[in-house]
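Read the structure below first, then the notes.
The values are calculated or read from the model by the stated rules, or taken from the named source; none is laboratory data. Model, not experiment: these values are computed from the prediction. Cβ atoms come from the backbone with ideal geometry, glycine included; neighbour counts cover every protein chain shown. The accessibility values were calculated without ligands, DNA or RNA, using every heavy atom of the protein model including side chains. Shrake-Rupley method; radii C 1.70, N 1.55, O 1.52, S 1.80 Å.
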Amino acid sequence: MVDMLSRRIELSALTSRELSGDRGQIMDRLRSKFPLLKITLRGDVISLAGEEKQMIRFERMFSELEAYYDRYGHISPDVIDQVFDTVEPSAIVRGSSKEKDGDEESVPSKDERDVIVYGNLGNVVRARTPGQRKLVKAYENSDLIFVTGPAGSGKTYTAIALAVRALKNKEVKRIVLTRPAVEAGEKLGFLPGDMKEKLDPYLQPLYDALHDMIPQKKLTQLMEEGVIQIAPLAFMRGRTLDNAFVILDEAQNTTLSQLKMFLTRMGSSAKFIVTGDASQIDLPVKSESGLLKAIDILGGIKGITHIAMSGKDIVRHNLVKSIVAAFGGMDEENNASEKKKTQK
């Protein structure tokens, strides 16, 4: 006689909504794969009852299903057939259906090593440039990383990808994204709407990056639950951010005192990334920018790393590199002219 046991699986990537949707077809297909198990979905927990070997196999297959959802952002009865009927389940996530020889692991290609996270509908977010790879590597050894570089070098996008990966891997419990609400030629008071509506345009690039990496329904749920938070820098005052991945974007538009305030929010088991472009300061007095000053003050402290990206890391339209270089030359001429005036 076989002993009947029970187990519980807490959902991580998938939610009960995805599993119970589509007229129950998803759960029906799961149950059809394991007719000897009693499979029940209540809230965000799947309960199993049956033979231990069957439950272990179900858990292994279900983890592959969640990995598939993480990568492609959708599931269906056909996807369950693909995941649960394959000889080597993990091959689906790797993109290969070949079996492994014995227990020998296949060596990932260079592109696979550069993958940070799998986004929506098969979108792959990877480190594409030397500077982005340095940032990914620095994450493993540093809890505070400053990333400077020109527009289009992927500073913020790569940082957010690392944050999403950390959340999915349960390395942190929440993501906090923040920006200073500094006008770039326009005044907040003249924008329509309440304070949230006035501030949202400044935070939109952060929303855009998240939309590339997390399915819309899941993102909405995570934001409603406070697992992902997006707020202006001023809202950080007085907080202690534990077990969080925190990104300060557009840090060139912060003063040294604001940066100090932000950095001292760092709690236990937290990761902080500060990104900025010193050539795009929108403060009324450019010399008040605290980004480069803070990097200089904190240089040499163990656990703090500065990654300086360059024009070689720009991944936008080819013209962006030329535009950045042209404006960079003009800035150098202006700086030289200002120095001559000062010397006189």
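Eigen-decomposition of the gyration tensor built on the alpha-carbon atoms of the stretch 241-315 gives equivalent ellipsoid semi-axes of 21, 16, 12 angstrom, largest listed first. Note on surface exposure: SER322, SER289 rank SER322, SER289 by accessible area, highest first, 1.4 Å probe. With 21 Å as the limit, the listed pairs LYS168/LYS260; LYS33/LYS173; LYS271/LYS302; LYS168/LYS271; LYS134/LYS155; LYS137/LYS321 have LYS168/LYS260; LYS33/LYS173; LYS137/LYS321 beyond it between alpha carbons. Given a 1.4 Å probe and the protein chains as shown, LYS137 ends up with an accessible area of around 150 Å².
Positive end of the dipole of the stretch 219-280 (Cβ unit charges, origin at the Cα centre): among MET223, SER257, ALA234, the Cα lying farthest that way belongs to SER257.
A probe of 1.4 angstrom, applied to the heavy atoms of all protein chains, finds GLU64 with accessible area near 30 square angstrom.
Protein-only accessible surface at a 1.4 angstrom probe places the residues PHE327, PHE58 in the order PHE327, PHE58, largest first. For the stretch 1-70, the solvent-accessible area works out to 58 Å² per residue, with a probe of 1.4 Å and every protein chain left in place. The stretch 195-299 has equivalent-ellipsoid semi-axes of 25, 17, 12 Å, by the square roots of 5 times the alpha carbon gyration tensor eigenvalues, sorted largest first. Ordering LEU19, LEU256 by accessible surface, largest first, gives LEU256, LEU19; the 1.4 Å probe counts only protein heavy atoms, with every chain in place. Does the stretch 34-73 classify as rounded, prolate or oblate by the C-alpha gyration tensor (a ≥ b ≥ c root eigenvalues; a/c under 1.5 gives rounded; else a/b over b/c gives prolate, otherwise oblate)? It is oblate, given that a/c is not under 1.5 and a/b is not larger than b/c.
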